1. How long is region 23-75 along each principal axis, judged by its Cα atoms, biggest number first, in Å?
2. Report, to one decimal in Å, the Kirkwood hydrodynamic radius for region 657-706 based on all distinct Cα pairs.
3. To the nearest µm²/s, what D does Stokes-Einstein give for region 176-243 at 4 °C and 1.567 mPa s, using the Kirkwood radius over alpha carbon pairs as Rh?
4. If you take the square roots of the eigenvalues of the alpha-carbon gyration tensor of region 708-778 and sort them as a ≥ b ≥ c, do you get rounded (a/c under 1.5), prolate (a/b over b/c) or oblate?
5. So, counting K/R as plus one and D/E as minus one, what does the shell of residues with Cβ under 11 Å around residue 739 add up to?
6. Listed here are the pairs 274/327; 672/715; 256/291; which of them are more than 19 Å apart at the Cα?
7. Using the basic label-point model (7 angstrom from Cα toward the beta carbon), what is the residue 670 to residue 155 distance in nanometres?
8. Using amide H atoms built 1.01 Å from N in the peptide plane, name the residues 5+ places from residue 177, or on other chains, whose amide H lies under 5 Å from its own.
Amino acid sequence: MPSAAGPVAVASASAAAKAPATPAVGISPELYPSEDDLPYEEEILREPFKLKGWWRYLVARAAAPFSKRAVIYERGLKALPGSYKLWHAYLRERLDHARPHPIDHPAYSSLNNTFERALATMHKMPRIWVLYLTSLLDQRLLTRSRRAFDRALRALPVTQHDRIWPLYLRLASFPACPVETSLRVFRRYLQFDPSHAEDFINFLISASRWQEAADRLASVLNDDGFRSVKGKTRHQLWLELCEILTKHADEVAGLKVDAILRGGIRKFTDEVGKLWTSLADYYVRRGLFEKARDVFEEGVSSVVTVKEFSVVFEAYTQFEQSMLAAKLEAAEEEGAEDEDGGGGRKNGMDKLSKKFLEEFWLNDEDDTELRMARFERLLDRRPELLSSVLLRQNPHNVEEWHRRVKLFEKDAARQVATYVEAVKTVDPMKAVGKPHTLWVSFAKMYEKHNRLDSAEDIFKRATQVNYKVVDHLASIWCEWAEMELRHSNFDKAIELMRQATAEPSVEVKRRAAAEGNEPVQMKVHKSLKLWSFYVDLEESLGTLDSTRAVYERILDLRIATPQIILNYAYLLEEHKYFEDAFKVYERGVKIFKYPHVKAIWVTYLTKFVQRYKRSKLERARELFHEAVQQAPPDEKRPLYLQWAKLEEDYGLAKRAMNVYDEAVRAVPNSEKMAMYEIYIARAAELFGVPRTRQIYEQAIESGLPDRDVLTMCMKFAELERSLGEIDRSRAIYVHASNYADPNNSDFWKKWNDFEIQHGNEDTFREMLRIKRTVAASCSQTHFILPEYLMQRDQRLNLDEAVDTLKRAGVPEDEMAALERQLAPGPSTAAPPAAQSAAPVSANRMMNFVSAGVEAQAESSRQQAANNEDIELPDESDDEEPDVQIAEKSVPAAVFGELGKRAAESQEESSGAQENEQLGALERIKRRRQ
């Protein structure tokens, strides 16, 4: 039928276009084909069943009105009813045409009819269904939409249902959609995709369907394979279930709320406090207030963190406070009703029943005081409950047990119970702190109440505990003995120490070794703490023989300390057993090494010298020799000083000097200077000042640091000056200049003052030369200066020296005046051109004036007067030649041989070394020659 009708309609339309007859009634002339449409009309007449012709026709008339394009679409779809492309384009255009109109416009009705006609052949195309269903949702046609959704799900295969269900769920979420319809849609959707159960649960919560929401949440939580598509954890789902169960307890039935919440408490430990409060809130909403109180008590007694405890305790206090407030409010309302006098017969019956049951306290409805007492008791119990929480975190925390005991200071019975629980709970091997302090405090509590027998029983039981450290068991024995001492049981205290320090028998040791785990009771007899306390008891309460026996036992066990040795020796000295005391010292220095033996050696030597003085001098010398041999270098100095003091007081001064001499060689370099100062001072006092010369020489050559050598030279020079040995003093200054720093103003000032007072012009100039040499040797940058600048510096230094001598009161002699006349001045200097052309000696360096023969001066002047030399271009003072001067560290030895090399190059004689030492007067004479 469609294939036959198509050509007839097209032919009639073409004929109508050619004949200008009047159109049929009811059809607009604009809908008929125009002359421009004839090529397309002819094409579709020839091939009406090909999509290509119809599509080109539609593309060519893209700008035509929708009504005309609709005629073309309808004609094309009659010819090709199974064309998806034509149907999809037609439906999209109809949607765009109907969208600007309100939803009650006839365009939407025509659109829906078109969709229905399209689905007759396109019912397997999901995009057609999506367009249709989206249009129905926009029109808010709920019933028609629901039926269309059902048809779509039946028509499409299951693999394409995921394109329909999001729209279907959107329909179910409309506020106008009935709740039952939405529920059925969601339940049907969960059969298709069970993983989106959370969406259904959220819808149930929004729809206040608490029973089904709780059931769904419970089933989700019971499914171990469930994974939340929204990223929620099982713990969050548990909290949601708890919130539903607690806040809507009357609307949810069929679930074991208590079992569910307790299962969550056991499973999820990070939000236990919130779960406990939820369980209590559930019973509060059910009106079971006593059950809620039991839940709160169980919660504060089982949480293990302070945070969870704070949550539960705060909820508990709010519950008690609200209960008390509700009771007070109810009492006020009853009082107001009694004042009004209402109630009638019922009120009279209530009064009668109260009269008969007045004596029974269970019938008392006014429990305000009971509730107030409960609330106050709860607040008072907070520290105790918090302590229980901390102990549940770590039951082996010793300090927390002590703090718990302090909470019951006014209740001795609770303290005893706490101590008993503590010593039973705390494992010494896992304890945090010192577990023995629990036993000690437990016993002291009985002692405080004058229950010594009970305290002794506690101590006795404490000594049987296997502690982790021997010191803990030793502390128990010491505390027990101190308790006996406080009550004047001296013999009992000594007996306890004797029992504690007794060595276990061989059989006991063998049994402990067989068990593999050796307890501390097997090692406590070697505890130094026990033996120290024991020996103190014997010194205070026992005899000398018993005390010595204890000390000897300590030495035999090889647990003695240096202080034990000293105490033992002091004890013997107090009882005049000096030789025995020295034997103890001897044993001490053999047992210990440095640095522990230092105190023993010092005390031993001091006591020995005080005791025997010079009567046993040789033995004392042997002791000192042995002491310094054992001592490390940094500990030798006090021993050597003590030894030298012995020789000075009771021996020979010569031996004392030998001791000092040996000391300066044995002590470390950092102490040599101080030792030499002591050596020199003692030698000067004992043998006179001249005796110190060889000590100074020895100190200077001993390898001291340069700073100490310089200091020693300055002291040596001052000594020689005081003795009138001026030349020796000057020679020492010259030697000290090798160690002097140019910036050391103290040394150069002292030498300068020395030359002013005892020297002459030559010696002063020599001092200046040495100072410049030292400065040059310490410099790392060298410049080449012209000859006239060197001569100017020489003249200025000469003038400075003469002026200094004049200020010091030294008269100027004739030779000095002659030397000043011969020094080159401004009038005798060479012309500037000649000065600039003069070559610079390769041996000349900055601030260095040669002390040798000045034979190069004449040759330099001759070279300056030679006009045939290469003339250098004049350069202005502002422009410096770009000369790259290399900087290099020059060894000091090089500068010491400069004068020698200069003399060898000029004279080439063997007297160069003598010329280097010439003074200013000899240089002037040679210049004149």
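1. Largest first, region 23-75 extends 31, 21, 20 Å along its Cα principal axes.
2. That comes to 10.8 Å for region 657-706.
3. For the chosen part, D equals 105 µm²/s.
4. Since a/c reaches 1.5 but b/c is at least a/b, the shape of region 708-778 is classed as oblate.
5. Value of the local net charge: -2.
6. Violating the 19 Å Cα-Cα cut-off are 274/327.
7. Here the answer is 10.1 nm between the modelled labels.
8. Amide H neighbours of residue 177, under 5 Å, 5+ apart: none.
The values are calculated or read from the model by the stated rules, or taken from the named source; none is laboratory data. Bear in mind that the values here come from a model prediction, so they are computed numbers and not experimental data. No Cβ is skipped: glycine too gets one built from the backbone with ideal geometry, and neighbour counts run over all protein chains shown. Each accessible area value is taken on the protein alone, full model and side chains, heavy atoms only, with ligands, DNA and RNA left out. Shrake-Rupley method; radii C 1.70, N 1.55, O 1.52, S 1.80 Å.
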